[in-house]
Amino acid sequence: MKFAVIVFPGSNCDRDMYYAAKDALGEDADLVWYQDTDLTSYDAILIPGGFSYGDYLRCGAIASTSEMVQSLHREAEKGTPILGVCNGFQILLEAGLLPGALLRNKDLKFICHHENLVVQNNRTIFTSEYAQGQVISIPIAHGEGNYFCDDETLNQLKANNQIVFTYQNNPNGSVADIAGIINQQGNVLGMMPHPERATEGILGSEDGLQLFKSLLANWRDSYVTNA
């Protein structure tokens with residue numbers, strides 16, 4: 001399996017994501033500069049955290065206007081798995097690939113520590129290696145991670161089982177404790193916590209590795225089915 005790790009100006013978690021795919025998972029991965037917009041040779045796309053364009057305007061707003069995001073839209077329509085973490089989640093929201101918005105944390109402070117998440121939907125290509133309702137430990141590091149959407153959108157997310165992860169102890173004020181959501185097609189996941197920082201025991205948790213293993217398992221199943 002071959003992963004593309006998108007690098008925007010200001011990305012700072014790209015190496016974390018690269019090593020999660022390359023070393024912890026043991027698959028191929030490339031760091032792809034945001035101006036290199038041909039993603040057709042990749043089996044999955046990872047959008048890392050950081051401060052794209054220095055978080056000017058709104059977090060992810062400038063990045064969402066790039067040609068790379070146009071490529072992401074094309075790949076999403078094709079069904080290519082896309083994972084956006086932290087700033088990557090912000091970019092997906094600003095680009096309209098996922099619904100809702102991310103606001104300042106409820107206490108207006110940057111927070112950085114491990115948080116317990118509850119797996120709300122294990123029937124996705126990102127979560128099939130987890131158990132339904134499993135509690136996992138994944139680190140967070142953000143100042144604008146307060147997920148918000150209107151009641152109509154929230155009802156749609158619930159009805160379509162698009163809420164994938166929730167916080168056990170909501171640290172940032174997100175509506176319905178939301179930590180991660182998926183699109184209706186099921187191939188675009190955005191989440192604030194950093195699974196790539198929880199792929200080895202030395203990092204304090206290996207719970208994030210199951211997300212990458214889920215992608216690999218589903219890719220293998222798809223590859224065998226289509227062979």
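So here's what we get for this one:
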{"item": "Region 1-52: number of residues that are in a loop (DSSP other than H, G, I, E, B), under 15 Å from LEU72 (Cβ atoms) and within 14 Å of the chain's Cα centre (by Cα)", "result": "1"}
{"item": "Tabulated pairs, region 81-102, first closer than 13 Å to VAL69 by Cα, second outside any loop (DSSP other than H, G, I, E, B) and among the charged types (D, E, K, R), C-beta under 8 angstrom, 6+ apart or interchain", "result": "ILE82/GLU75"}
{"item": "Whichever residue in region 21-59 is crowded, with 21+ Cβ neighbours inside 10 Å and free of Cβ contacts under 8 Å to residues at least 40 places away in the same chain and, among such residues, is farthest from PHE8 (Cα to Cα)", "result": "ALA29"}
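Residue-wise test of (1) buried (at least 23 other Cβ atoms within 10 Å of the Cβ); (2) under 12 Å from the mean Cα position of the chain (by Cα); (3) of a type in the set (Val, Ile, Thr).
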| site | (1), (2), (3) |
| --- | --- |
| VAL164 | yes, yes, yes |
| ASN170 | no, no, no |
| GLY173 | no, no, no |
| ALA176 | no, no, no |
| GLY190 | yes, yes, no |
| GLU196 | yes, yes, no |
| GLY208 | yes, yes, no |
| LYS213 | no, no, no |
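Yes or no, residue by residue, for (1) outside any helix (DSSP H, G or I); (2) over 15 Å from ALA141 (Cα atoms):
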residue: ILE181; (1), (2): yes, yes
residue: GLN185; (1), (2): yes, yes
residue: LEU189; (1), (2): yes, yes
residue: PRO193; (1), (2): yes, no
residue: ILE202; (1), (2): no, yes
residue: PHE212; (1), (2): no, yes
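Read-outs throughout are calculated quantities, based only on the coordinates presented, and are distinct from any laboratory measurement. Not measured: the values here are computed from a predicted model. Don't worry about glycine lacking a Cβ; one is built from the backbone with ideal geometry, like all the others, and counts go over all protein chains shown.
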